[in-house]
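Since the structure comes first, as structure tokens, the remarks are kept for the end.
The numbers here are math on the coordinates, done by the rules we state, and not lab data. Note that this is a predicted model, so its numbers are computed, not measured. Counting neighbours? That spans all protein chains shown, and the Cβs are built from the backbone with ideal geometry, glycine included.
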Amino acid sequence: MKGLIVSDAVFSMDGDIVNLPRLLEIAEKYDLFSMLDEAHATGVIGTKGLGTVEYYQIDKKPDIIMGTLSKSIGSEGGFVCGRQILIEYLKNKSRSFIFSTALSPAVMASSIKALELIMNEPQRVQALQENVQYFCQCLREAGIEADSKTAIIPIVIGDEKKAMEISKELFEQGYYISAIRYPTVKKGSARLRVTLMSTHTKEELKRTAETIGNILNKYQGGTNE
């Protein structure tokens, strides 16, 4: 192999999904290893929440799949999946693994249980995906451009100061929605970053979208552009 091609599965600031078939095609064409970070995909996309490979319903997988236990799993730590020779290499050569304290039994037990719930109760994933579509619909009805297939829904404001002020006003009304600004995103693309859960109710989502719309109307004359 001549190198390594790396990508997020779900990009954390826009919520869009990598074109995995194309990534694997490029990796094969140029004789590259492929590596995918499933941090925001595990438990979120795919019929059963199994991530990007399931989402695209393809047989070929990246050479290396990594992810975190701190998002949909609700625990801490992370994981790397790959061939046995890779795992043995990381065990012996990865400084961040060798010189880190091992995860506690309680953390591992909760992580395993969370994975079991995701795999055995796909209705949780389906509820999340339904909430995403419903919330985007509510935002559009409030005059806000929104479209996502993941739990991350960005509302681009543009101006950094304005994004911070809107986030503060939302917090004062009971909504904790972070304002993301440079250098996390490029200048001029500051945004509100909404993340949803399967347990949010339709009433909560509708009320949240309406509140965001009302505040944006005050700041931007009825649009988010």
Calculate I(q)/I(0) for the chain by the Debye formula, one identical point scatterer on each C-alpha and no solvent, and give its log10 at q = 0.10, 0.11, 0.13 Å⁻¹ to two decimals. -0.55, -0.65, -0.88
Measuring from label point to label point, each 7 Å out along Cα→Cβ, what is the Arg140 to Glu203 span in nm? 2.6 nm
Order these peptides, 131-138, 103-110, 27-34, by their mean beta-carbon neighbour count within 10 angstrom, highest first. 131-138, 27-34, 103-110
Give me a comma-separated list of calculated 3J(HN,Hα) values for the stretch 112-125, in order, Karplus coefficients 6.51, -1.76, 1.60 applied at θ = phi - 60°, integers in Hz, x for any Gly or Pro. 4, 5, 4, 5, 4, 5, 4, 6, 9, 10, x, 5, 5, 5
For the stretch 67-77, Karplus couplings with θ = phi - 60° (6.51, -1.76, 1.60), whole Hz, Gly/Pro x: x, 10, 9, 9, 10, 5, 6, x, 10, 8, x
The long-range amide H neighbours of Ser34, using H built 1.01 Å from N in the peptide plane and a cut-off of under 5 Å, are Ile5, Asp63, Ile64
Say the cut-off is 30 Å between C-alpha atoms; which of Lys2/Lys48; Lys60/Lys93; Lys2/Lys93; Lys48/Lys186; Lys71/Lys186; Lys2/Lys60 go over it? Lys2/Lys48; Lys48/Lys186
Kirkwood-based shape ratio for the stretch 123-220, expressed as Rg/Rh from alpha carbons: 0.96
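Could you work out the relative contact order of the stretch 3-120? I mean the mean sequence separation of Cα pairs under 8 Å and 6+ apart, divided by the number of residues, in percent. Walk me through the numbers on the way to the answer.
On the way: 175 pairs, mean separation 22.6, N = 118.
Relative contact order, the stretch 3-120: 19 percent.
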For the chain: relative contact order, % (alpha-carbon pairs under 8 angstrom, 6 or more apart): 17 percent
Phi to ³J(HN,Hα) by Karplus 6.51 cos²θ - 1.76 cosθ + 1.60 over the stretch 36-44, Hz, x for Gly, Pro: 10, 9, 8, 3, 9, 9, 4, x, 10
